[in-house]
Amino acid sequence: MRLGRPGRWGDADGVKTVLEPFRIKAVEPFRITTEAERVHLLEAAHHNLFRLRAEDVMIDLLTDSGTGAMSAQQWAAIMTGDESYAGSRSFYELEHVVHELTGYRHVFPVHQGRAAERILFGCMVMPGQAVPNNAHFDTTRANVEYLGAAAVDFVAPQAADLRQPAPWKGDLDTAKLAAWLQLQPKGSVPVGLLTITNNRVGGQPVSMQNLREVSALYRRHGIPFFLDAARFAENAWWIHRLDPEWREAPLPKVARAMFDLADGCMISAKKDGLVNIGGLLCLNDDALAAKVRNLLILTEGFPTYGGLAGRDLAALAQGLREVLDPDYLHYREASAHYLGEHLDRLGVPVVRPFGLHAVYVDARAMLPQIPPHELPGQALACELYLQGGIRTVEIGTLMFGRTDPATRQPVVADHDLVRLCLPRRVYTQSHIDWVVEAFREVHGRRDALRGLRIVEEAPFLRAFTARLQPLPVREPAGLRG
Ligand code: F0G
């Protein structure tokens, strides 16, 4: 048995070559820019990488969402997709694959993950209620809060130490959840969530043990349990790799065991669906399904296409057939491991363990001369762009901090991280080597990096549109008058 061989990558003997389990049939050239050009482009983008044109980026590690490469079989499915308005063959094909994967009775396609959130919460959540989760992703939180309810996070204590390689940092803190549930008035928690893997906490996985405990807790309180399962295959992979109970189990069986513990799931198919657009809302409850169907028709489309083209449904069905291939998930782990270990060897402080979808760098630890309110994560992200045309994303004070409206003082985030996302099946080991080389240069001159100040920000989600300016080089203390 080849699966789950422990330590296949990155033992004491070092990091091995990543063998991408595919060959390339269509290529998409990117433009090679010079550093001088990038200085100009970054200034024009007001030091906000979201404001760059993608054609000015060489290696785009901004997100793993909708940025993957489809297989030849998926492209073939695109050609044979059935574009009928009602009763499309491609829908029934997708429904069959999703039934097999999840076991849920009702399968609704939607255009992406947040549409599933909006529709599910729209049918269940009322103002004044509260929705618990291990950690809500931004859009999930926003969709709960938009309905006047509170999104409450229960991050596991082992996640607090970023560098500690504890295995299940994505877990939900069940002791805290149990105590909290005791205090909630009856009927005030309409739905309980669990996000697998936990994107807000470094892409860390949730253990089967934790899935079981969370499921039992929600059940005991009569609360419907939904998974935010955007990265379900990657979570199943970790359970298979790290939990002796599941080491010999085929991956579809591991995935099915996770889904079996919940009453339904929301899936952004732009991740483990291996497609560029699409999502799913799946559930068992017939009465809830009737409500969902009506809302879906109102805002997404007829239930057999849910805001997607027939070809999108067909490509998604094929993507779901491919994503639990152990060779593919092996390669995902190898790629993240390769990047993370190489950065670690340079002395770059990386969050451990590495996720599968991304490696996170602790910019606050790497650039101690830049205080959090001067945005060390953004400073590092900008420098990586200047050095290598690499686009990453700051997950720190720019994204989650704010300016206090009363005092005009900055409120900083818990951490200042830079996320290096790995789009699925897009970049090869050479591209990752380029990223490592850029880090080597930037790390070498890290003491000279300076922070940024925000010159313009929106009242919500400021990271996407803010305009920033680099701060002048600080004079050494002795030279100041
Ligand atoms: N849930 C999780 C855990 C996610 O990571 C995302 C998206 C969503 C829901 C929303 O799905 O984008 O299809 O509407 N995450 C992307 C990211 C955007 O970059 O991490 P969507």
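Using the average count of surrounding beta-carbon atoms within 10 Å as a protection proxy, the listed peptides 248-255, 308-315, 127-134, 405-412 rank, highest first, as 308-315, 127-134, 248-255, 405-412. Checking the a/c ratio against 1.5 first, then a/b against b/c, what shape does the Cα gyration tensor give for region 269-348? Taking the square roots of the gyration eigenvalues as a ≥ b ≥ c, region 269-348 is prolate.
Using only the C-alpha atoms, the convex hull of region 71-112 corresponds to 98 Å³ per residue. Exposure check, 1.4 Å probe, all protein chains in place: residue 449 carries approximately 10 Å² of accessible surface. Rounded to the nearest 10 degrees, the inclination of helix 89-102 to the longest alpha-carbon principal axis of the chain is 80 degrees.
Count Lys and Arg as plus one, Asp and Glu as minus one, and take only other residues whose Cβ is under 11 Å from that of residue 310; the net charge is then -2. Enclosing the Cα atoms of the chain in their convex hull gives a volume equal to 161 cubic angstrom per residue. Accessible-area rank, largest first, for 137, 460: 460, 137, with all protein chains present and a 1.4 angstrom probe. Note on residue 186: lysines with a C-alpha under 23 Å away, same-chain residues under 8 apart excluded, are 176, 291.
Gain on full extension, evaluated as 0.36 nm per residue between residue 126 and residue 28 minus their Cα-Cα distance, stands at 30.6 nm. Using a probe of 1.4 Å, the accessible surface attributed to residue 123 totals some 20 Å² when neighbouring protein chains are kept in position. Taking all protein chains together, 169, 25 sort by accessible area into 25, 169, largest first [probe 1.4 Å]. Taking the Cα centre of each part, how many Å lie between region 38-73 and region 130-178? Spelled out, the Cα-based centre of one part sits 29 Å from the other. When all protein chains stay in place and ligands, DNA and RNA are ignored, the 1.4 Å accessible-area order of 342, 357, largest first, is 342, 357. Rolling a 1.4 Å probe over the protein chains gives residue 200 an accessible area of about 90 Å².
A 1.4 Å probe run over the protein chains yields, for the chain, 43 Å² of accessible area per residue, whole-number rounding. Using a/c under 1.5 as the rounded threshold, could you call region 380-481 rounded, prolate or oblate? The axes a ≥ b ≥ c are square roots of the C-alpha gyration tensor eigenvalues, and prolate needs a/b larger than b/c, oblate otherwise. Oblate is the answer for region 380-481, as a/c is 1.5 or above yet b/c matches or exceeds a/b. Could you tell me which of rounded, prolate or oblate describes region 72-322, using a ≥ b ≥ c as the square roots of the eigenvalues of the alpha-carbon gyration tensor, with rounded for a/c under 1.5 and, failing that, prolate when a/b is larger than b/c and oblate otherwise? Verdict is oblate for region 72-322. Within a straight-line Cα-Cα reach of under 13 Å, residue 271 can be paired with the following aspartates and glutamates, leaving aside sequence neighbours fewer than 8 residues apart in one chain: 64, 228, 234, 322.
For residue 253, a cut-off of 17 angstrom between C-alpha atoms picks up no lysines at all, skipping any fewer than 8 places away in its own chain.
The values are calculated or read from the model by the stated rules, or taken from the named source; none is laboratory data. Note that the structure is predicted; figures quoted are calculated from it, not measured. Cβ: placed from backbone, ideal geometry, glycine included. Neighbour counts: every protein chain shown. Accessible surface is based on the protein model in full, side chains and every heavy atom, while ligands, DNA and RNA are left aside. Shrake-Rupley method; radii C 1.70, N 1.55, O 1.52, S 1.80 Å.
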